[in-house]
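For reference, the structure is listed below as structure tokens.
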Amino acid sequence: MRITLALALLVALFVLGPLLVVVPMSFSTANSFEFPPPGYWLGYYRSFFGDERWLTPVFNSIGIGLATMLLTMLLVIPASFAMVRQRFMGRSAINLLLMMPMIVPNIVMALGYYTYFSQLKIIHSPLGVVLAHTCLSVPVCYLIIAASLKGFDRNLERAAMNLGASPLRTFWEVTFPVLRPGFLVGGLFAFIHSFDEAVVAIFISGQAASTLPRKMFDSIRIEADPIISVVSTLLFAVVLLAVLSPLAWRAIVKARSQFRAA
Amino acid sequence: MTVFDRHMNALSQTHSQGVVMTQAYLEIRDLVKSYDGKQQAVRGISLDIRKGEFVSFLGPSGSGKTTTLMMVAGFEMPTSGSILLGGREIAPVPAHKRNIGMVFQNYALFPHMTALENVGFPLRMRKTPAAEIARRAAEALDMVGLAAFGGRHPREMSGGQQQRVALARALVFGPDVLLLDEPLGALDKNLREQMQVEIKRIHRELGITTIYVTHDQSEAMTMSDRIAVFSQGVVEQFAPPLDIYQRPTTRFVGSFIGDSNFLDVTRQNDGLVAQGIGALNIAAPSQAGKFHGLVRPEAIGLWTGGDEQGHCVLSFLIEGLVHYGDSVLLIGSAAGLNLRARLPSVQASHLHEGDTIRIAWRENDMHLIPVQ
């Protein structure tokens with residue numbers, strides 16, 4: 001028992017280790033990477049929020065992430081319905097195709113996009129990054145949405161139609177609201193996947209459409225600016241917030257319904 | 001106007017249009033359903049259901065009863081055949097335009113809506129004014145005894161409560177027919193009996209034509225006006241419960257409902273001879289050469305002597321006794337036949353395994369089913 005606990009702590013430490021270094025460093029007064037920090041201040045935060053060279057990639061990343069999320073959902077929702085509910089020739093082949101971006105190494109994908117998008121003249125443009133990120137986000141988003149669709153009780157749709165709802169109304173009044181949590185989580189993962197992605201972004205985003213991970217990579221390579229620890233800390237905080245928000249939402253809903261029932 | 005009044009109005013309106021009560025209201029004609037084009041789940045079913053009738057579809061799983069119900073509801077397209085409601089063909093009508101209420105086995109309540117919103121849903125789909133929706137939904141919830149639970153979500157209610165909400169939701173819009181697909185299957189025994197009474201009460205009050213799918217024979221026996229017994233995609237018999245029990249038309253019906261003994265009966269020289277017993281003094285019901293003779297275990301009694309005319313009297317070796325409290329089931333053999341006899345406990349207190357006793361039944365209590 002005690003050994004298990006010790007092991008668990010060790011694993012937690014291993015996972016959290018980088019954070020324990022990066023987060024304190026972002027408040028450091030040192031003008032290069034130095035650990036432990038000689039003193040603490042908020043200076044690097046101030047310069048991050050005042051620096052266009054950092055803020056532009058942030059907005060690029062958010063824009064590209066949102067566009068990726070939207071496009072991924074537009075592809076994955078209909079695909080999931082077809083894959084889960086229909087039986088057709090070549091279904092398992094299409095399933096493999098949908099999972100392919102997860103299997104093929106990112107660097108191989110990136111190289112492919114680089115040459116292909118150059119010919120299409122959409123390299124170094126937000127459009128190119130969005131298309132590539134959408135492709136990479138499809139597998140994880142598909143897994144989440146297909147799973148929630150498999151757990152969906154078809155009798156709910158039958159009941160709605162039986163009660164007088166047309167197929168379209170049935171979708172908007174019953175299917176969509178019941179599946180909404182699954183859609184939200186799927187969309188969230190598509191966004192995070194795009195927001196975090198570095199390899200493809202380094203290859204094809206260029207200066208014009210530079211995303212935050214790409215900018216961080218450039219910054220480390222070229223200038224070793226301690227601002228990068230600020231960015232890392234903020235990135236971590238944002239992702240943590242995004243992942244925890246569904247949990248928090250569920251807790252709030254539960255508390256509310258308990259309050260009403262009481 | 002209550003739900004009850006509205007139904008009474010609907011009934012009197014159809015009367016004034018000259019529809020006679022005894023006429024078929026829901027007609028199912030030569031209905032066939034095949035999912036793969038080869039095997040048929042439903043193989044040519046025809047049923048005439050009268051207005052206001054409570055009909056049960058009874059049969060083992062895979063017998064086609066649920067598939068038939070799905071076609072009546074409009075969730076499955078018949079491969080061939082027709083379904084007429086009040087003389088109108090509804091097979092090509094999509095489910096949402098049929099005005100048929102349905103209660104599902106797993107309730108199928110919308111989890112994101114409160115009980116009141118669930119019950120109001122069919123009215124909202126019919127573009128009923130909001131104030132009327134609120135009033136009628138509350139009324140319907142009141143009818144099933146859940147007036148105080150309107151604000152609850154399905155997950156905050158028990159199984160029995162959810163089933164009541166489902167029932168209210170299926171009735172609130174005044175459907176032409178109510179379909180119930182094994183609605184009590186997920187409930188425990190006490191709750192099931194309570195809901196049976198409740199469903200019968202509502203059926204009596206509203207006079208709504210009802211089809212009840214079940215694999216529980218006692219449920220079908222106690223609730224129905226008529227029972228359709230399904231087996232392997234066909235209806236074996238469609239008759240009132242007592243007829244089904246006393247005068248089954250096929251061996252399957254005789255064995256599926258209640259406990260049964262079957263004897264081979266053959267026609268010989270214009271008379272009937274039962275295997276192991278001998279000549280019978282009863283008339284053959286048809287020209288068939290062979291019959292299944294059905295004797296219910298409770299029709300068999302202890303033979304205390306006297307005139308054997310009109311009785312089958314046998315010497316019976318008891319091989320097992322099963323005590324039910326009020327009755328005892330004797331399992332044993334007589335004249336080379338395996339027989340089961342059910343006696344009231346008070347008559348069987350002196351009996352033990354291995355005893356040989358004299359048993360008898362009246363020849364008239366044997367029901368003959370022609371062998372097909």
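Annotations for the structure displayed:
- Residues of segment A:203-219 classified as in contact (Cβ under 8 Å) with a residue 60 or more places away in the chain and either within 13 Å of A:Leu136 (Cβ to Cβ) or buried (at least 18 other Cβ atoms within 10 Å of the Cβ) (or both), total: 10
Residues are listed down the side, and each one gets a yes or a no for (1) among the aliphatic types (A, V, I, L, M); (2) touching a Phe, Trp or Tyr at 6+ places or on another chain (Cβ under 8 Å):
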position	(1), (2)
B:Ala95	yes, yes
B:Leu123	yes, yes
B:Arg126	no, yes
B:Glu132	no, no
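- With respect to the conditions (1) touching a strand residue (DSSP E or B) at 6+ places or on another chain (Cβ under 6 Å); (2) outside any loop (DSSP other than H, G, I, E, B); (3) within 9 Å of chain A (Cβ to nearest Cβ), B:Leu84 falls short on a single one, namely (3).
So that you can scan it fast, the table gives a plain yes or no per residue for (1) under 16 Å from B:Arg342 (Cα atoms); (2) surrounded by fewer than 18 Cβ atoms within 10 Å (Cβ to Cβ); (3) touching a residue at least 60 places away in the same chain (Cβ under 8 Å); (4) in contact with a strand residue (DSSP E or B) (Cβ under 6 Å, 6 or more places away or on another chain):
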| site | (1), (2), (3), (4) |
| --- | --- |
| B:Ser224 | no, no, yes, yes |
| B:Phe238 | no, no, yes, yes |
| B:Asp243 | no, yes, no, no |
| B:Gly258 | yes, no, no, no |
| B:Val273 | no, yes, no, yes |
| B:Gly276 | no, yes, yes, yes |
| B:Pro297 | yes, no, no, yes |
| B:Val313 | yes, yes, no, yes |
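- Any hit, segment B:299-307, residues being under 24 Å from the mean Cα position of the chain (by Cα) and buried (at least 16 other Cβ atoms within 10 Å of the Cβ): yes
- Residue ID - farthest from the chain's Cα centre (by Cα), chosen from residues in segment B:106-117 that are within 8 Å of chain A (Cβ to nearest Cβ) and farther than 16 Å from B:Ala137 by Cα: B:His112
The rows are residues; the columns are (1) among the hydrophobic types (A, V, I, L, M, F, W, C); (2) farther than 24 Å from B:Arg50 by Cα; (3) outside any helix (DSSP H, G or I).
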| position | (1), (2), (3) |
| --- | --- |
| B:Phe75 | yes, no, yes |
| B:His96 | no, no, no |
| B:Leu109 | yes, yes, yes |
| B:Val119 | yes, yes, no |
| B:Leu123 | yes, yes, no |
| B:Thr128 | no, yes, yes |
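- Selection over segment B:122-169 of residues that are among the basic types (Lys, Arg), closer than 20 Å to A:Leu156 by Cα and either touching a residue at least 40 places away in the same chain (Cβ under 8 Å) or more than 13 Å from chain A (Cβ to nearest Cβ) (or both) gives a count of 4.
- A:Val174, sole failed condition from (1) away from chain B (no Cβ under 13 Å); (2) touching a Leu at 6+ places or on another chain (Cβ under 9 Å): (1)
- Taken together, A:Leu42, A:Leu10 contain a single residue that is modelled with pLDDT of 90 or more and not assigned by TED's automatic domain parsing to the domain that holds A:Gly187, which is A:Leu10.
- Qualifying residue in segment B:197-204 (condition: surrounded by 15 or more Cβ atoms within 10 Å (Cβ to Cβ), modelled with pLDDT of 90 or more, more than 14 Å from chain A (Cβ to nearest Cβ) and over 17 Å from the mean Cα position of the chain (by Cα)): yes
- Residue within segment B:182-190 that is among the acidic types (Asp, Glu) and within 14 Å of another protein chain (Cβ to nearest Cβ) present: yes
- Enumerated helices (runs of 4 or more DSSP H) restricted to segment A:123-215, each holding at least 1 residues that are of a type in the set (Lys, Arg) and within 19 Å of B:Arg169 (Cβ to Cβ): A:154-162, A:167-170
- The set of residues in segment A:7-32 being more than 17 Å from A:Leu234 (Cβ to Cβ) and in contact (Cβ under 8 Å) with a residue 40 or more places away in the chain consists of A:Ala30, A:Asn31, A:Ser32.
- Candidates in segment A:136-163 are the residues that are within 9 Å of chain B (Cβ to nearest Cβ) and hydrophobic (A, V, I, L, M, F, W, C); of these, the one that is surrounded by the most Cβ atoms within 10 Å (Cβ to Cβ) is A:Leu163.
- Strands (runs of 3 or more DSSP E) fully within segment B:230-312 that include at least 2 residues being over 29 Å from B:Gln39 (Cα atoms): B:261-268, B:271-274, B:278-280, B:290-295.
- Restricting attention to segment A:220-236, the residues being surrounded by fewer than 18 Cβ atoms within 10 Å (Cβ to Cβ), in a helix (DSSP H, G or I) and touching a Phe, Trp or Tyr at 6+ places or on another chain (Cβ under 9 Å) number 1.
- Pairs, first buried (at least 17 other Cβ atoms within 10 Å of the Cβ) in segment B:83-110, second among the hydroxyl-bearing types (Ser, Thr, Tyr) and in a loop (DSSP other than H, G, I, E, B), C-beta under 9 Å, six or more apart: B:His96/A:Ser166
- Applying the criterion of being part of a strand (DSSP E or B) and small (Gly, Ala, Ser) to the residues of segment B:21-70, the residue that is nearest to the chain's Cα centre (by Cα) is B:Ser56.
- Single condition A:Leu240 does not satisfy, out of (1) of a type outside the set (Lys, Arg); (2) more than 29 Å from A:Leu111 (Cα to Cα); (3) surrounded by 17 or more Cβ atoms within 10 Å (Cβ to Cβ); (4) without any contact (Cβ under 8 Å) to a residue 40 or more places away in the chain: (3)
- In segment B:173-201, the residues that are within 15 Å of B:Thr222 (Cα to Cα) and among the β-branched types (Val, Ile, Thr): B:Val197, B:Ile199
The values are calculated or read from the model by the stated rules, or taken from the named source; none is laboratory data. Not measured: the values here are computed from a predicted model. For neighbour counting, all protein chains shown are included, and Cβ atoms are generated from backbone atoms with ideal geometry for every residue, glycine included.
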